[in-house]
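Have a look at the structure below, then the notes.
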Amino acid sequence: MGKSSQVEAHESHPTAGESARVAELQRRIEELEAPDEDRFGRFGAGDWIACIIASLVVPAIVVLWFAR
């Protein structure tokens with residue numbers, strides 16, 4: 001029972017290293033959220049077709065191949 005109270009006490013007072021890591025992670029998250037999505041290109045009909053083929057048709061062909 002003493003160990004859980006130590007863990008709770010530790011979690012309530014972050015150290016300088018933990019605070020620096022949290023700040024760095026928040027900075028990185030903000031940096032990843034900042035770019036405009038158009039920078040990465042649009043997701044069009046060809047992309048949907050490629051996803052459907054890769055996720056449905058190819059596995060079905062593989063299953064049928066090994067089911068012979």
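The single condition among (1) modelled with pLDDT of 95 or more; (2) not in a helix (DSSP H, G or I) that Val63 does not meet is (2).
Report the residue count in the range 1-41 for those that are basic (Lys, Arg) and modelled with pLDDT under 85.
2
Just the residues that are in a helix (DSSP H, G or I) and exposed (fewer than 10 other Cβ atoms within 10 Å of the Cβ), please, taken from the range 35-54. Listed by number, the residues that qualify are Glu37, Asp38, Arg39, Phe40, Ala45, Gly46.
The values are calculated or read from the model by the stated rules, or taken from the named source; none is laboratory data. Since this is a predicted model, take the numbers as computed values, not measurements. So basically every Cβ, Gly included, is an ideal-geometry build from the backbone, and we count neighbours across all protein chains shown.
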